[in-house]
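Visitor: This structure is in structure tokens; I'll ask about it shortly.
Just so it is clear, none of the values below were taken in a lab; they were calculated from the coordinates. No experiment lies behind these values; they were computed from the predicted model shown. Please note: Cβ atoms are built from the backbone with ideal geometry, for glycine as well, and neighbour counts cover all protein chains shown.
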Amino acid sequence: MSRFFKEMIGKKPIIIGEVLGTESWEVVDADDDWVKLSKTNKKGQTRMKLMRIDDIKSVELREG
């Protein structure tokens, strides 16, 4: 799964996990255990989140 997230760097998939709802997060970085996510709201404030890959239940990328 970590290779998959490395391919997702710079993209904004919808990630569903233990503590995330159905929001679109940008994948910033990933290693074998963790994925670093970023989200900027309408006010321009950026939130960063580290999430264990094991806690992710679903990933959906909509392109086009």
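Visitor: Determine the relative contact order of the stretch 3-59: mean sequence separation of Cα pairs under 8 Å and six or more apart, normalised by residue count, in whole percent. List each step's numbers first, then the result.
Guide: Values: 103 pairs, mean separation 18.2, N = 57.
Averaging sequence separation for qualifying contacts and normalising by length gives 32 percent for the stretch 3-59.
Visitor: Which of the lysines could a cross-linker bridge to Lys43, judged by Cα under 25 Å and excluding same-chain residues fewer than eight apart?
Guide: The reachable lysines, counting only those whose Cα sits under 25 Å from Lys43, are Lys11, Lys12.
Visitor: Moving on. Starting from the Cα of Arg47, step 7 Å along the direction of its Cβ; do the same at Val19; then give the gap between the two resulting points in nm.
Guide: 1.1 nm
Visitor: What is the calculated FRET efficiency for Thr40 to Arg3, with r their C-beta to C-beta distance and R₀ = 22 Å, to the nearest 0.05?
Guide: 0.25
Visitor: Say we join alpha carbon atoms closer than 10 Å with springs in a Gaussian network model of the chain; which of Lys11, Lys49, Lys39 then has the biggest fluctuation?
Guide: Judging by the Gaussian network model, the answer is Lys49.
Visitor: Please compute the modelled spin-label separation between Asp32 and Asp55, points set 7 Å along Cα→Cβ, answer in nm with one decimal.
Guide: 2.0 nm
Visitor: Let me ask something else about it. Computed from these coordinates, which is Cα extents along the principal axes in Å: [x] 39, 21, 21; [y] 31, 22, 17; [z] 33, 27, 19?
Guide: Matching entry in [x] 39, 21, 21; [y] 31, 22, 17; [z] 33, 27, 19: [z].
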